[in-house]
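Chemist: Let me begin by handing over the structure; questions about it come next.
The values are calculated or read from the model by the stated rules, or taken from the named source; none is laboratory data. Predicted model, so just to flag it, every value in this text is computed and none were measured. Cβ: placed from backbone, ideal geometry, glycine included. Neighbour counts: every protein chain shown. Note: areas computed on protein heavy atoms with side chains; ligands, DNA, RNA excluded. Shrake-Rupley method; radii C 1.70, N 1.55, O 1.52, S 1.80 Å.
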Amino acid sequence: MKITGIEAWKVEMGLTEPYAIAYETISTAGNVFLRVETNEGISGFGCAAPDLQVTGETPESVLDACQTAIPDVLNGSDPLRIALHMHRLKELLRNQPSARAMVDMALYDILGKKAGLPVYMLLGGFRKHIKTTVTIGILSVEETVERAKDLVGRGFRALKIKGGKDVSEDILRVLKVREAVGKKIELRFDANQGYSVDQSLEFFQATRPAKLELLEQPTPKGQPDLLGMVTRRVPIPIMADESLMNLRDAFRLARRSLVDMVNIKLMKVGGISEALQVNGVASAAGLEVMVGCMDESGLAIAAGLHFALARPNVMYADLDGHLDLINDPAADAVILKNGILYPTQKPGLGFDLS
């Protein structure tokens, strides 16, 4: 099998409702889609969701890579040699993880179609479905409570509340949401680097009655020691998100026991291949894993889902980045029922773009 050509294009998708996190407000999502064609009539599809704040990329920089480094590595080569191609692209696109992730998932898509199996089965097939959280951006206390009740009414059983701008208001929002949704709904909180250590401890103490399941990235990513200080002083799991961008970050966090959990996002680490390595470090260190996402098309969510289904220590999923996208060309790449995500069970990633 040989790669005969690649095609990439950008899709700008609006959000049904803009949302706020600690350091920005998001109203649109620009994703880049990739088609890798072969001489056997099998095409693989991938998707990049670049974010200048997180991955250091833009859709334009990803498209530029699709004109230079990516075709230089792929054209005329065997698409099944995924490790070789991703090794080469890591050298050429070291600072473009979402571009690498896009290629990686397209190659896994081809592999699955060639084998006639869904990717998660090729990767290990530990489970067939997984519960996902759905995220509530920074809103007023009243709006947060109403949004939480609406989502629970739609079948979601795990909610993630964003915060990090105002500790006092964050505390009130969490307590009021717990009061509104009852004890059985899982609540998680993401401060998106917005707190100091003291603020993190204040937040934890005040929200004890809400029984939060975990606290995600409370302190700035460039100061991992602060994460460690919070981890050692609170009993609920502390999870790294922005502090984990690559395999080396995973090793540093694990070696020094700075966190209890890590959030692996394909767009941050560079795809399924790299995520498997990061997950291996986490597993060896006894860290639980959540698979997260950016504002991603359903195609990229599918790739994250297949990875999440494959490994036993991936205990959580936060794969809701596609839910509010308008005119997502791959909206049907995953199946969502009552807060549970299922793959389509078709070969590869389970979805072909027209």
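Chemist: State which residue is most open to solvent (accessible area, probe 1.4 Å) when the search covers only region 110-119 and only residues that are within 24 Å of Pro312 (Cβ to Cβ) and either out of contact with any Lys or Arg (no Cβ under 8 Å at 6 or more places or on another chain) or modelled with pLDDT under 95 (or both).
Modeler: Leu117
Chemist: Same structure, new question: Six or more apart or on different chains, Cβ under 9 Å: which pairs go from a residue in region 252-268 that's among the acidic types (Asp, Glu) to one that's open to solvent by 10 Å² or more (accessible area, probe 1.4 Å) and assigned to a strand (DSSP E or B)? Could you list them?
Modeler: Between residues of region 252-268 that are among the acidic types (Asp, Glu) and residues that are open to solvent by 10 Å² or more (accessible area, probe 1.4 Å) and assigned to a strand (DSSP E or B), the close pairs are Asp260/Glu288.
Chemist: Quick check on Arg100: is it crowded, with 24+ Cβ neighbours inside 10 Å, touching a helix residue (DSSP H, G or I) at 6+ places or on another chain (Cβ under 6 Å) and touching a residue at least 60 places away in the same chain (Cβ under 8 Å)?
Modeler: Here the answer is yes, as Arg100 does meet what is asked.
Chemist: Still on this structure, I have one more. Residues to consider are Val262, Val281, Val314, Val269; find the one that is surrounded by fewer than 24 Cβ atoms within 10 Å (Cβ to Cβ), in contact with a helix residue (DSSP H, G or I) (Cβ under 7 Å, 6 or more places away or on another chain) and closer than 23 Å to Ala191 by Cβ.
Modeler: Only one candidate passes the filter, namely Val314.
Chemist: Just need a number here: residues in region 32-50 that are open to solvent by 10 Å² or more (accessible area, probe 1.4 Å) and not in a strand (DSSP E or B).
Modeler: Selection size over region 32-50: 5.
Chemist: Another one. Does region 5-27 contain at least one residue that is farther than 15 Å from Val103 by Cβ and touching a helix residue (DSSP H, G or I) at 6+ places or on another chain (Cβ under 6 Å)?
Modeler: There is at least one residue in region 5-27 that is farther than 15 Å from Val103 by Cβ and touching a helix residue (DSSP H, G or I) at 6+ places or on another chain (Cβ under 6 Å).
Chemist: Also: Evaluate the following for Ile70: is it touching a Gly at 6+ places or on another chain (Cβ under 6 Å), of a type in the set (Val, Ile, Thr) and either in a loop (DSSP other than H, G, I, E, B) or crowded, with 16+ Cβ neighbours inside 10 Å (or both)?
Modeler: no
Chemist: Follow-up. Working only within region 325-343, note down all residues that are at negative phi, in contact with a strand residue (DSSP E or B) (Cβ under 7 Å, 6 or more places away or on another chain), open to solvent by 30 Å² or more (accessible area, probe 1.4 Å) and touching a residue at least 24 places away in the same chain (Cβ under 8 Å).
Modeler: Of everything in region 325-343, those that are at negative phi, in contact with a strand residue (DSSP E or B) (Cβ under 7 Å, 6 or more places away or on another chain), open to solvent by 30 Å² or more (accessible area, probe 1.4 Å) and touching a residue at least 24 places away in the same chain (Cβ under 8 Å) turn out to be Ile326, Pro329, Ile340, Tyr342.
Chemist: Sticking with this structure for a sec: Is at least one residue of region 205-213 modelled with pLDDT of 95 or more, more than 30 Å from Pro343 (Cβ to Cβ), assigned to a loop (DSSP other than H, G, I, E, B) and open to solvent by 70 Å² or more (accessible area, probe 1.4 Å)?
Modeler: yes
Every residue, every condition in (1) out of contact with any Asp or Glu (no Cβ under 6 Å at 6 or more places or on another chain); (2) at pLDDT below 95; (3) open to solvent by 10 Å² or more (accessible area, probe 1.4 Å); (4) among the charged types (D, E, K, R), yes or no:
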site: Leu52; (1), (2), (3), (4): yes, yes, yes, no
site: Leu80; (1), (2), (3), (4): yes, no, yes, no
site: Leu84; (1), (2), (3), (4): yes, no, yes, no
site: Lys90; (1), (2), (3), (4): yes, no, yes, yes
site: Met121; (1), (2), (3), (4): yes, no, yes, no
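Chemist: Could you pull out the residue among Glu169, Glu142 that is in a helix (DSSP H, G or I) and over 20 Å from Glu24 (Cβ atoms)?
Modeler: None of the others qualify; the one that does is Glu142.
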